[in-house]
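Asks: Pasting a structure below so you can have a look.
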Amino acid sequence: MARRTEQTGEAYLDTSAFIAFLDKSDSYHQTFKRLFAAPPALTTSALVIAEGHAWFLRRYDRRRAAQFLSFIDALPALAVQSFDADELSKVRRLLAAFGDQDLTLADAHGLAIMKDRRNPVCWSTDWHLSLTGVALAIRH
C-alpha cells in the first residue's frame with residue numbers, strides 16, 4: 001500500500017474515526033473506509049483507544065471490543081501518545097482555554113497532541129477537534 005505521508009503529513013485519529021470505519025452502520029463509514037484505504041502516518045491518544053474500546057464494549061460486546069483492539073494493533077505505523085502527568089498539565093491548560101466548550105479529556109488530549117506534533121489534519125466527526133485550527137478530514 002502506498003503511503004501518502006509526504007503529501008498529507010501525519011493525521012490525528014479521534015475515536016469517531018475508528019468508530020465510523022469499523023461500524024458499517026455509521027453515516028461516515030464510507031468516508032473513513034476511503035481514508036483508511038491509503039492512510040498517511042497516523043497518531044492517536046491512549047485515551048482515544050480507551051474510549052473506543054469502551055464504546056464497542058458498551059454498544060456491542062466483549063468480542064467487538066477485542067476486535068477494535070486487534071485493529072489498533074494491526075495498523076501500520078500508528079503512533080499512540082501516552083497520557084501521563086505532563087500530558088495532563090497540557091490538557092488542563094487547553095480545558096481552561098476552551099472553558100466554554102464541552103471537551104472531554106480525550107478531546108483536549110487530542111488538541112494537545114495535534115499542537116505538539118503539528119498535525120495538519122484530524123480524522124474526526126467531532127467539530128471540537130478543529131478548535132485550534134486543524135482541518136477535519138470531513139466537512140460539516
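Throughout, read-outs are computed from the coordinates displayed, never taken from laboratory work. These figures come from a predicted structure and were not determined experimentally.
Asks: Among bridges DSSP assigns within the chain, what percent are antiparallel (round to 5)?
Replies: Counting only bridges with both partners in the chain, antiparallel ones make up about 0 percent.
Asks: So, one more: May I ask you to list the lysines whose Cα is less than 30 Å away from that of Lys24, ignoring any residue fewer than eight positions away on the same chain?
Replies: Lys33
Asks: Quick one: compute the contact order of the chain, relative version, from alpha carbon pairs under 8 angstrom and 6+ residues apart, as a percent.
Replies: Computed over the chain, the figure is 29 percent.
Asks: What residue among Leu47, Leu111, Leu94 has the largest mean-square fluctuation in a Gaussian network model of the chain, using Cα springs under 10 Å?
Replies: Evaluated over the chain, the most mobile residue of the options is Leu94.
Asks: Also: For the chain, modelled as a Gaussian network with Cα springs under 10 Å, which listed residue fluctuates most, Thr125, Thr31, Thr15?
Replies: Sorting by GNM fluctuation, first place goes to Thr31.
Asks: How large is ³J(HN,Hα) for each residue in the range 44-50, as worked out from phi by the Karplus curve 6.51 cos²θ - 1.76 cosθ + 1.60 (θ = phi - 60°), to whole Hz, x for Gly and Pro?
Replies: These are the phi-based 3J(HN,Hα) values: 8, 9, 4, 5, 5, 5, 4 Hz.
Asks: By its C-alpha gyration tensor, with a ≥ b ≥ c as the square roots of the eigenvalues, how is the range 11-83 shaped: rounded for a/c under 1.5, else prolate for a/b larger than b/c, else oblate?
Replies: It comes out oblate by the Cα gyration axes.
Asks: Here is a further query. Which far-off residues, 5 or more places away or on another chain, put their amide H under 5 Å from the one on Ser45, with H placed in the peptide plane?
Replies: So Ser45 has HN proximity to Gln81.
Asks: Now, a different point. Distance between the C-alpha centers of the range 4-56 and the range 69-88? Whole Å please.
Replies: Each part's Cα centre sits 12 Å from the other's.
Asks: Further question on the same structure: Just need log10 I(q)/I(0) for the chain at q = 0.09, 0.12, 0.20, 0.21 Å⁻¹, Debye formula, equal scatterers on the alpha-carbon atoms, no solvent, rounded to two decimals.
Replies: -0.25, -0.45, -1.29, -1.40
Asks: Also, I was wondering about something else. What does the helix-only formula give at 222 nm for the chain: each DSSP H stretch with n ≥ 4 adding -39500 (n - 2.57), the total divided by the residues, and the result rounded to the nearest 500 deg cm²/dmol?
Replies: Value at 222 nm, helices only, nearest 500: -16000 deg cm²/dmol.
Asks: Using θ = phi - 60° and the Karplus form 6.51 cos²θ - 1.76 cosθ + 1.60, what ³J(HN,Hα) does each residue of the range 52-64 get, whole Hz, x for Gly and Pro?
Replies: Karplus values, whole Hz, x for Gly and Pro: x, 4, 4, 4, 5, 5, 6, 6, 10, 6, 4, 4, 5.
Asks: Now, a different point. Amide H of Val121 versus every other amide H placed in the peptide plane: which residues, excluding those fewer than 5 positions away on the same chain, fall under 5 Å?
Replies: Tyr12
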